[in-house]
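One structure is given here, and the rest of the page talks about it.
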Amino acid sequence: MFGCGESIGRGSFLFRDAVAEAVYPPQADRLRHMDGIDQDRLEAALDARGRARRTLLGVGGVLGLLAAVGPAFATFAEPRGSDPRAQPPATSAAAQTGRVHTVPSTSATVRLGVFDATLPNILDVDSGDVVVYPDTWTHFLNRVQPGVPIEDLAQMRRSNPGKGPHSIIGPVGVRDAEPGDMVAIHYQRLLPVDWGVNFNNPGDLGTGALPDEFPDGQVRYFDLDLGSMTTSFLPGVTLPLAPFQGTFGLAPAQGGVVSSVPPGQHAGNVDLRDLTEGSILYVPVWQPGAKLYTGDSHALQGDGEVNLTALETAMREVRIQVTLHKQAGWEWPFAETDTHWYALGMHQDLNEAFKIALRNTIDFLERKAGMTRMDAYALASMAVSFRITQVVDANKGVHAMIPKSLFAQDMLQSISIV
């Protein structure tokens with residue numbers, strides 16, 4: 001099964017290409033990658049600067065922009081941990097930023113279609129560290145490029161039995177991580193390239209939800225407008241972009257070399273469309289050192305991912321913060337956004353995937369919100385939405401969305417996944 005310049009988006013400068021090339025690389029990128037930088041304050045200020053971009057550009061052009069933005073950078077290059085009280089409020093699992101590491105996509109860091117726990121770690125990080133993945137690869141080791149016909153894509157799949165199509169970066173080790181712990185992946189930046197692709201394979205490959213009904217397959221390429229964060233599907237049909245990584249996971253319990261296609265208790269190819277910037281994915285640790293893997297970049301996806309692929313793309317930058325939670329007590333992944341907690345379930349049988357997500361929801365409400373199991377069961381029926389994450393990755397996915405708005409503010413302060 002196969003699951004799956006321009007302006008710069010949220011948390012970055014919102015400039016046109018010429019301005020971004022003149023200003024962004026020599027100053028902002030260097031500052032973002034400094035080990036001692038106060039990342040949270042930088043992001044807040046850059047968001048504010050982005051909102052004022054049109055005024056700045058209209059008044060002073062590039063020189064005016066440099067004059068306006070430049071002094072602000074000086075406030076962020078402070079020694080690490082200089083004043084914890086200066087940190088802005090964060091989500092429930094956020095940790096203070098540690099060192100910043102960059103992991104490029106190269107033949108030494110990327111494997112085709114597998115999580116390979118036998119490989120030495122690319123690097124090892126501490127809890128609180130930030131990992132930046134610049135210029136990630138598309139599927140099949142970056143061979144998927146605009147214009148490649150469906151026949152070639154299908155042949156790539158046929159030539160790769162037992163593995164996924166994903167270009168998987170990893171492993172990245174997490175120091176002191178042990179089975180029973182949980183790793184939180186905080187998505188700080190997800191900036192795609194300016195094109196994407198959607199396709200379904202020919203029916204004989206048996207991929208997608210309805211392979212027999214679409215025997216010929218199809219591929220379509222899209223230009224992504226990163227200024228408006230949209231793409232045109234057909235005349236009069238515009239799609240809003242919502243970039244996320246389809247695959248983020250840890251080495252599974254069985255270790256060794258496993259396909260990147262089926263998601264599971266190690267997370268992996270979860271394809272949860274809500275894991276956009278600002279969200280958090282929580283993954284149980286199954287192997288010493290955790291061993292983190294990622295790939296499968298998406299610009300947009302609907303719940304279900306029914307024809308086989310989302311709007312597949314590559315990322316100019318993926319930036320995450322890794323936080324280790326000791327002996328968290330969960331055996332399945334969870335997720336969190338500003339508005340919801342997510343309980344996940346994956347299984348070959350969609351009904352079983354639903355039951356896993358439901359039991360994880362009940363466990364969360366019982367353990368973290370202090371409810372009886374019967375009350376948690378009732379609340380799940382009345383106020384929790386259960387949605388199909390995807391049906392095309394061998395193990396199907398269901399995610400339960402638990403609204404934070406149900407709880408009084410004083411209760412919210414005491415409820416967290418870890």
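So here's what we get for this one:
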| read-out | value |
| --- | --- |
| Close pairs (7 angstrom Cβ cut-off, 6 or more residues apart or separate chains): closer than 15 Å to I417 by Cα in the range 352-363, assigned to a helix (DSSP H, G or I) and of a type outside the set (D, E) anywhere | T361/A380; I362/R373; I362/A376; I362/Y377; I362/A380 |
| Options T389, T372, T337; residue that is among the hydroxyl-bearing types (S, T, Y) and touching a strand residue (DSSP E or B) at 6+ places or on another chain (Cβ under 7 Å) | T389 |
| Subset of the range 363-375 [of a type in the set (A, V, I, L, M, F, W, C), assigned to a helix (DSSP H, G or I) and surrounded by fewer than 21 Cβ atoms within 10 Å (Cβ to Cβ)] | A369, M374 |
| Residue ranges of strands (runs of 3 or more DSSP E) in the range 173-274 with at least 3 members open to solvent by 20 Å² or more (accessible area, probe 1.4 Å) | 195-200, 218-223, 230-234, 237-240, 257-259 |
| V144 under 30 Å from F222 (Cβ atoms) and modelled with pLDDT of 95 or more | yes |
| Scan of the range 331-349 for residues that are part of a loop (DSSP other than H, G, I, E, B) and in contact with an Asp or Glu (Cβ under 8 Å, 6 or more places away or on another chain), ordered by number | T337 |
| Residues that are part of a strand (DSSP E or B), touching a Leu at 6+ places or on another chain (Cβ under 9 Å) and not hydrophobic (A, V, I, L, M, F, W, C), drawn from the range 394-408 | K396, G397, H399 |
| Residues that are open to solvent by 10 Å² or more (accessible area, probe 1.4 Å), modelled with pLDDT of 95 or more and farther than 26 Å from P161 by Cα, drawn from the range 92-121 | R99, V100, H101, T102, P104 |
| Verdict on E312 being in contact with a Phe, Trp or Tyr (Cβ under 9 Å, 6 or more places away or on another chain) and either among the acidic types (D, E) or under 22 Å from L112 (Cβ atoms) (or both) | yes |
| Search result, residues across the range 308-358 that are of a type in the set (S, T, N, Q) and under 14 Å from the mean Cα position of the chain (by Cα) | T313, Q321, T337 |
| Matching residues, the range 288-330, being assigned to a loop (DSSP other than H, G, I, E, B), of a type in the set (S, T, N, Q) and on the phi < 0 side of the Ramachandran plot | Q301, N307, T309, T313 |
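Here's the yes/no breakdown for (1) touching a Leu at 6+ places or on another chain (Cβ under 6 Å); (2) more than 22 Å from G397 (Cα to Cα):
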{"site": "G196", "(1), (2)": "yes, yes"}
{"site": "N200", "(1), (2)": "yes, no"}
{"site": "G203", "(1), (2)": "no, yes"}
{"site": "T207", "(1), (2)": "yes, no"}
{"site": "L234", "(1), (2)": "no, yes"}
{"site": "T238", "(1), (2)": "no, yes"}
{"site": "T247", "(1), (2)": "no, no"}
{"site": "D271", "(1), (2)": "no, no"}
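The values are calculated or read from the model by the stated rules, or taken from the named source; none is laboratory data. In this text the structure is predicted, and so the values were computed from the model without any measurement. All Cβ positions, even for glycine, are placed from backbone atoms using ideal geometry, and neighbour counts span all protein chains on display. For the accessible areas, the whole protein counts, side chains as well, though only heavy atoms, and no ligand, DNA or RNA atoms are used. Shrake-Rupley method; radii C 1.70, N 1.55, O 1.52, S 1.80 Å.
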